[in-house]
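Colleague: Before I ask anything, let me first share the structure, which is written out below as structure tokens.
The values are calculated or read from the model by the stated rules, or taken from the named source; none is laboratory data. Keep in mind that this is a model prediction, so the values were computed, not measured. Positions of Cβ are generated from backbone atoms using ideal geometry, with glycine treated the same way; all protein chains shown enter the neighbour counts.
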Amino acid sequence: MPHRSGTYCCFRICVPNEAGIDARSPIGVFDSGVGGLTVLAALCARLPRERFVYLGDTARLPYGTKSPDTVVRYALQAADALVRRGVKALVIACNTASAVALPAMAERYGSLPLLGVVEPGAAAAAAATRSGQIAVIGTEATVRGGAYQRAICRRRPDAQIRAVACQLFVALAEEGWTDGPVARASAERYLSGLCDTSGTSGFVADTLVLGCTHFPMLRATIREVIGEHVCLVDSAATTAEATQGLLQAQGLLAPAAPTGARVQLLATDGVERFALVGTRFLGRPIAPAEVELVDL
């Protein structure tokens, strides 16, 4: 499938609702697992009139260890499942899929509004920084792929960027160890030198991007370590803001509060585990009976 170049990979702006999409339809959100529930939580807070269908591809996580071709295939299969359910927009709440699969998805779904988490976060970081020194933390795959670095530099060519893989943060978030001595020690180890005002490193970031959907779970601990002077960019919050702007531009904001279930949860494996861990990420209790098991 051909990949087109350009900045469309953040989202596609079309003539308002030119495709005749029903504004009352739900928004589709997907991730390789439960991390994207932080994005869903931000979307629910930002867009209280909307309905959502969330798909966690838990049978095949993590995407970050897979080849680009495999990530594209998995992402298209997950997105296809949501499109079949009649969603009016797709939010890719996965950094790996956002970085790798958005071009193929843009080709497949035409005028359907499409967003990833990387570009909104990069745009917010480029706008927030005063010095141009920006730190990005993410998983190994996200840092190695350089998607945030490229997206920031397109907007701020003079930016100095340091990216650090904080893989342990993922496990800490899923275990619920988001504060206390273990979380604090891990944050100090990973973030040492990124926002240090002592001047010993020669690099003092004034902006830190949480480049993984798990990392907002450790926001309070990260803030304690980096201090109040650093602007913290949460890609979940920026993606929710971008989604609102996109739907408004296309005349697709829901006209009234939803009736019935507001959020539908789907998983490809481990319904009980999804409910247990997802409860922490979504910020409200999830019963296993709420999660529909699907096969892609």
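Colleague: Among (1) at pLDDT 95 or above; (2) over 22 Å from Ala42 (Cβ atoms), which single condition is Ala151 missing?
Modeller: Condition not satisfied by Ala151: (2).
Rundown of residues vs (1) out of contact with any strand residue (DSSP E or B) (no Cβ under 9 Å at 6 or more places or on another chain); (2) surrounded by 18 or more Cβ atoms within 10 Å (Cβ to Cβ); (3) under 20 Å from Arg262 (Cα atoms); (4) not small (Gly, Ala, Ser), yes/no style:
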{"site": "Arg24", "(1), (2), (3), (4)": "yes, no, yes, yes"}
{"site": "Ala41", "(1), (2), (3), (4)": "yes, yes, yes, no"}
{"site": "Phe52", "(1), (2), (3), (4)": "no, yes, yes, yes"}
{"site": "Gly116", "(1), (2), (3), (4)": "no, yes, no, no"}
{"site": "Ala128", "(1), (2), (3), (4)": "no, no, no, no"}
{"site": "Gly138", "(1), (2), (3), (4)": "no, yes, no, no"}
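Colleague: Also, I was wondering about something else. Please go through (1) touching a residue at least 40 places away in the same chain (Cβ under 8 Å); (2) surrounded by fewer than 22 Cβ atoms within 10 Å (Cβ to Cβ) for Thr239 and return the number of the only condition it doesn't satisfy.
Modeller: All conditions are met except number (2).
Colleague: Which condition breaks for Arg156 when tested against (1) more than 19 Å from the chain's Cα centre (by Cα); (2) farther than 20 Å from Cys195 by Cβ?
Modeller: All conditions pass for Arg156, except number (2).
Colleague: Looking at the stretch 184-193, can you tell me whether even one residue there is surrounded by 15 or more Cβ atoms within 10 Å (Cβ to Cβ), in contact with a Gly (Cβ under 8 Å, 6 or more places away or on another chain) and not aliphatic (A, V, I, L, M)?
Modeller: no
Colleague: Continuing with the same structure: From the list Glu188, Glu228, Glu241, exactly one residue is of a type outside the set (Gly, Ala, Ser) and assigned to a loop (DSSP other than H, G, I, E, B). Which is it?
Modeller: The unique qualifying residue is Glu228.
Colleague: Could I ask something else about it? Could you list, in sequence order, the residues of the stretch 108-162 that are in a loop (DSSP other than H, G, I, E, B) and either aliphatic (A, V, I, L, M) or over 14 Å from Asp206 (Cα atoms) (or both)?
Modeller: Gly110, Ser111, Leu112, Pro113, Val117, Thr139, Gly146, Arg156, Pro157, Asp158, Ala159
Colleague: A follow-up question, please. How about the stretch 57-82: which of its residues are in contact with a strand residue (DSSP E or B) (Cβ under 7 Å, 6 or more places away or on another chain) and either surrounded by fewer than 24 Cβ atoms within 10 Å (Cβ to Cβ) or within 22 Å of Gly245 (Cα to Cα) (or both)?
Modeller: Residues satisfying the conditions are Thr58, Ala79, Ala81, Leu82.
Colleague: What do you reckon, is Arg85 out of contact with any Leu (no Cβ under 8 Å at 6 or more places or on another chain), part of a loop (DSSP other than H, G, I, E, B) and either modelled with pLDDT of 95 or more or not hydrophobic (A, V, I, L, M, F, W, C) (or both)?
Modeller: Spelling it out, Arg85 is indeed out of contact with any Leu (no Cβ under 8 Å at 6 or more places or on another chain), part of a loop (DSSP other than H, G, I, E, B) and either modelled with pLDDT of 95 or more or not hydrophobic (A, V, I, L, M, F, W, C) (or both).
Colleague: Here is a further query. Here are some residues: Ala275, Ala205. Which one is small (Gly, Ala, Ser), in contact with a Lys or Arg (Cβ under 9 Å, 6 or more places away or on another chain) and either surrounded by 23 or more Cβ atoms within 10 Å (Cβ to Cβ) or in a helix (DSSP H, G or I) (or both)?
Modeller: Ala205
Colleague: Can you tell me which of Ala93, Ala97 is under 13 Å from the mean Cα position of the chain (by Cα), at pLDDT 95 or above and crowded, with 24+ Cβ neighbours inside 10 Å?
Modeller: Just one listed residue meets the conditions, Ala93.
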